[in-house]
Every structure is written in C-alpha cells, then in structure tokens.
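J.: Quick one: the structure is below, questions incoming.
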Amino acid sequence: MREPPLLEITGYRLAFDGFEGRAQVLDGIDLRVEAGETVGIVGETGCGKSVLARSVARLVPMPPGRVLGGHVRFQGQDVMAMDRAALARLRGPGVAMIFQDPMSYLNPVFTIGAQMVDVIRAHDRGAGQKMRPRSAARAAAAELLGAVRLPEPGRLLDRYPHELSGGMRQRVLIAMALSGQPKLLVADEPTTALDVTVQAEVLRLIEDLVTHNRLTLMLISHDLGVIGALCRRVVVMYAGTVVEDGPAETLFDRPRHPYTRGLLAAVPDLERPAHRAQPIPGQIPNLLDPPSGCRFHPRCPLALPVCAAQRPPLRDVDGRRVACHRAEEVA
Ligand code: SF4
C-alpha cells in the first residue's frame, strides 16, 4: 500500500467568530507536502499563511476559531481528531515550529537551560519513552546549542533570554524545535524580527539544518527573496485561498496567476534600477465579507464578469496548480 503524504490538507475551511461577525480566514485549502520537500508559503499580511501553519500542529485556539470543513492529516492521521497522547507525539517529534518573535516564546524568568531541559524531557514523554534524567537532558541541550552554532553552549544554558541578542534567541528556538527530531519543520516568518545581517545567518543555518537532517520544511514568509533562497516549491496564498502552487523556478519565471505576477512586479529589481516596482492596486479584502467568485477579482487587471460569479478551481496548468479562469492567457 502507498504511504500517505507527510502532510495532506483537503478542503480545509477555518473561520474566526468575533463581535463583528465571522471572518472566513481559510477557504477550501488543498495542499499536499511530501517528505523531503521544501515548500514556501507566500502572500500579503492577512492572507492566512500563519493560521494555516498553526493548523498543522492544531495550535489555533478554538473558539474563537472554528473549523467549517475539510481535514488536516499528518502521516495519514486526522490532526483535528487527535487525543492528548497523539497531539504530544505530533508536536515536537512530528511537527516543530519556529515563530517570528523569539522573545515571546521564551520564558523570561527561567534560564535557557531550564527551558530546554523541560522541552527535551517533554518530548521523551510524548514519544512514550522514559524521561531521561535532567543531567542527560542538559547535555543534549548543550549539544543542540552547538548544532545551531551558538558559542560556549555550556555557559549559555545558565543565561536568561534577556541576556541574549535577537539572533541568539532565534537560534535557541531553532535548537528547541530540533530537540524532538521533527519530520516537518514549520518556520513562520523566522527572520522578520531580526536585522538584515542576522537574517542572512539564520536563513543559512535553517538551510544547512534542513539539508543535513533531511527535514521537510514549510517556510512562511511575505518575502519572495527568502522563499526563493530556501524553497524548491512555492505556494501563493491570497485572502485565505491557494491561488498558485508549483516549482519555485517555474513560478518565478512564468507566473500564471495575476496575483503572483503582481507580487513579483512589486519587488524592486536592484540589477535594473530603471525598472520601477509596481504595487498591486487596491486593498486585501475584508474577510468578514469576502468578494464573491475569485477573491482577487476587485484588484485583478484581467477580471471578467465570470470571475465575480464563479470561484476558479485550483487546476493543473503548465506544470503547476493555478486558480484562475484565465491562467492559460497569463504569459
Ligand atoms: Fe483575475 Fe479572474 Fe483570474 Fe481571478 S479568475 S485572477 S479575477 S482573471
């Protein structure tokens, strides 16, 4: 029998209920990630990429979140139906996450060592193994800090998060993420809060770790340059939907969705200073009342009446999946 894909999301619909009504933040997501892939998820702020990433490890609070339909499956298991024991096996040994702001995910009143030891022992318990002694977990923590190229790992374990720079804190979180030996690493804007030189170092580190540990990577970013540097496949999201999904090279060279074209045209080209970056006109839609049909139609230069009436299905075009009625005409 064929192995199920590492991650399979089918028809997944998620909403948030608030005072003003129901915001449909994910609307029919279909996405499959095979083991060993490096997949970048890109789109403007508010397109649903972070909430999609959190859904993979069932980290979206319910309520106010509400699943309206579809499934998220990890190695064939329905994530929404998992009990506590299955979730403990999923978070850490299955899926590990790195978030945008490392300070928010480290407890300021405990040393790095104390926090890492707890995480390592929790993963032991989640995996159904006997928890290793604290001294052994501390030795493992020092090894992990060395693996993410932090100097003097033994001494670092006794320091508090506020004593570390932003780049060092992010490396600590990466070390924690690796401590469960995850199959899928989800990195949600991992460098956005860092300055440019540190960003480059952290990205190089993630790339090396993914290669050496043969990890599957799901990288969330609004930065096409970051995605292009680390990922072989790119998924473009707009207003809670996947609009294009294909090999990075193909998608960057010959985008087939008008929104992907717009995103690429909005990136300044330093090699061609005469080329002016063109912003996408209009605003991202209000998800309390999203546009009918294709959610991009109010901003699309190619929109036809059919676009407002019928939602375009995600279909195979020119070696990738595209959700556009006019994909064949977009050259
Ligand atoms: Fe534009 Fe229509 Fe394609 Fe949507 S379906 S991207 S509105 S051409």
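J.: Could you go through segment 176-185 and let me know if any residue there is assigned by TED's automatic domain parsing to the domain that holds residue 120, assigned to a strand (DSSP E or B), within 18 Å of residue 95 (Cα to Cα) and at pLDDT 85 or above.
T.: Yes.
Conditions (1) among the polar types (S, T, N, Q); (2) assigned to a loop (DSSP other than H, G, I, E, B); (3) in the same structural domain as residue 30 (by TED's automatic domain parsing), marked per residue:
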position: 242; (1), (2), (3): no, no, no
position: 256; (1), (2), (3): no, yes, no
position: 260; (1), (2), (3): yes, no, no
position: 264; (1), (2), (3): no, no, no
position: 288; (1), (2), (3): no, yes, no
position: 302; (1), (2), (3): no, yes, no
position: 307; (1), (2), (3): no, no, no
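J.: Only residues that are exposed (fewer than 13 other Cβ atoms within 10 Å of the Cβ), assigned to a helix (DSSP H, G or I) and touching a residue at least 24 places away in the same chain (Cβ under 8 Å): list them for segment 135-164, please.
T.: 162, the sole residue that qualifies.
J.: Might you let me know whether segment 176-187 holds any residue that is in contact with a Pro (Cβ under 8 Å, 6 or more places away or on another chain), away from the ligand (no atom under 16 Å from the Cβ), without any contact (Cβ under 8 Å) to a residue 60 or more places away in the chain and farther than 25 Å from residue 307 by Cα? Outline the logic, then answer.
T.: Applying the first criterion (in contact with a Pro (Cβ under 8 Å, 6 or more places away or on another chain)) to segment 176-187 yields 180-183.
Next cut, away from the ligand (no atom under 16 Å from the Cβ) only: 180-183.
Okay, now just the ones that are also without any contact (Cβ under 8 Å) to a residue 60 or more places away in the chain, so none.
Within segment 176-187, none of the residues are in contact with a Pro (Cβ under 8 Å, 6 or more places away or on another chain), away from the ligand (no atom under 16 Å from the Cβ), without any contact (Cβ under 8 Å) to a residue 60 or more places away in the chain and farther than 25 Å from residue 307 by Cα.
J.: Something else about it: Is there a residue in segment 80-92 that is modelled with pLDDT of 90 or more, of a type in the set (Asp, Glu) and closer than 25 Å to residue 241 by Cβ?
T.: Within segment 80-92 (the criterion being modelled with pLDDT of 90 or more, of a type in the set (Asp, Glu) and closer than 25 Å to residue 241 by Cβ), the answer is no, since none of the residues qualifies.
J.: Something else: If the Cβ limit is 7 Å and pairs must be 6+ apart or interchain, which residue in segment 255-266 that is free of Cβ contacts under 8 Å to residues at least 60 places away in the same chain and near the ligand (Cβ under 9 Å from one of its atoms) pairs with which residue that is among the small types (Gly, Ala, Ser) and not in a helix (DSSP H, G or I)?
T.: Sorted first by the residue in segment 255-266, then by its partner, the list stays empty.
J.: For a quick check of your reading of the model, give me the residue pairs whose first member lies in segment 315-326 and is within 9 Å of residue 246 (Cα to Cα), whose second is within 14 Å of the ligand (Cβ to nearest atom) and part of a strand (DSSP E or B), with beta-carbon atoms closer than 9 Å and at least 6 apart or on different chains.
T.: 320/244; 321/242; 321/244; 321/315; 322/243; 322/244; 322/315
J.: Which helices (runs of 4 or more DSSP H) sit wholly inside segment 30-130 and have at least 1 residues that are more than 15 Å from the chain's Cα centre (by Cα)? Outline the logic, then answer.
T.: Working: elements: 49-56, 84-90, 112-126.
Because the criterion is at least 1 residues that are more than 15 Å from the chain's Cα centre (by Cα), the helices (runs of 4 or more DSSP H) in segment 30-130 that meet it are 84-90, 112-126.
J.: Look at residue 223 and say whether it is surrounded by fewer than 24 Cβ atoms within 10 Å (Cβ to Cβ) and within 14 Å of residue 320 (Cβ to Cβ). Break it down stepwise before answering.
T.: Values: surrounded by fewer than 24 Cβ atoms within 10 Å (Cβ to Cβ): yes; within 14 Å of residue 320 (Cβ to Cβ): no.
Criteria not met by residue 223.
J.: Here is a follow-up. Given (1) away from the ligand (no atom under 16 Å from the Cβ); (2) within 21 Å of residue 232 (Cα to Cα); (3) in a loop (DSSP other than H, G, I, E, B), where does residue 271 come up short, assuming only one miss?
T.: Of everything listed in (1) away from the ligand (no atom under 16 Å from the Cβ); (2) within 21 Å of residue 232 (Cα to Cα); (3) in a loop (DSSP other than H, G, I, E, B), residue 271 misses just condition (2).
J.: Filtering segment 188-204 down to residues that are assigned to a helix (DSSP H, G or I) and charged (D, E, K, R), which residue is surrounded by the fewest Cβ atoms within 10 Å (Cβ to Cβ)?
T.: Per the criteria, the residue is 204.
J.: Might you let me know whether segment 308-328 holds any residue that is modelled with pLDDT of 95 or more, among the small types (Gly, Ala, Ser) and crowded, with 19+ Cβ neighbours inside 10 Å?
T.: yes
J.: Only one residue in 320, 326 is over 26 Å from the mean Cα position of the chain (by Cα) and not β-branched (Val, Ile, Thr). Which one?
T.: 326
J.: While we're on this one: When you go through (1) more than 7 Å from the ligand (Cβ to nearest atom); (2) of a type outside the set (Asp, Glu); (3) touching a helix residue (DSSP H, G or I) at 6+ places or on another chain (Cβ under 6 Å); (4) not in a loop (DSSP other than H, G, I, E, B) one by one for residue 282, which number turns out not to apply?
T.: Unmet condition: (4).
J.: Could I ask something else about it? Run residue 285 past the list (1) free of Cβ contacts under 8 Å to residues at least 60 places away in the same chain; (2) surrounded by fewer than 17 Cβ atoms within 10 Å (Cβ to Cβ); (3) under 24 Å from the mean Cα position of the chain (by Cα) and report the number of the one that doesn't hold.
T.: Residue 285 satisfies every listed condition except (2).
J.: Residue 289 passes all but one of (1) under 23 Å from residue 246 (Cβ atoms); (2) away from the ligand (no atom under 14 Å from the Cβ); which number fails?
T.: Here residue 289 meets the rest and fails (1).
J.: Between 76, 92, which is at positive phi and crowded, with 17+ Cβ neighbours inside 10 Å?
T.: Values: 76 fails: crowded, with 17+ Cβ neighbours inside 10 Å.
Going through 76, 92 in turn, the sole match is 92.
J.: Kindly indicate which of 327, 277, 309, 239 is within 15 Å of the ligand (Cβ to nearest atom), small (Gly, Ala, Ser) and over 28 Å from residue 37 (Cα atoms). Quick ask: steps written out before the conclusion?
T.: Working: 327 fails: over 28 Å from residue 37 (Cα atoms); 277 fails: within 15 Å of the ligand (Cβ to nearest atom); 239 fails: over 28 Å from residue 37 (Cα atoms).
Of 327, 277, 309, 239, the one residue that is within 15 Å of the ligand (Cβ to nearest atom), small (Gly, Ala, Ser) and over 28 Å from residue 37 (Cα atoms) is 309.
J.: Identify, from the list 276, 233, the residue that is in contact (Cβ under 8 Å) with a residue 12 or more places away in the chain and charged (D, E, K, R).
T.: Working: 276 fails: in contact (Cβ under 8 Å) with a residue 12 or more places away in the chain.
Testing whether each residue is in contact (Cβ under 8 Å) with a residue 12 or more places away in the chain and charged (D, E, K, R) leaves just 233.
The values are calculated or read from the model by the stated rules, or taken from the named source; none is laboratory data. Bear in mind the structure is a predicted one, so any value in this text is a computation, not a measurement. All Cβ positions, glycine included, derive from the backbone under ideal geometry; neighbour counts span all protein chains shown.
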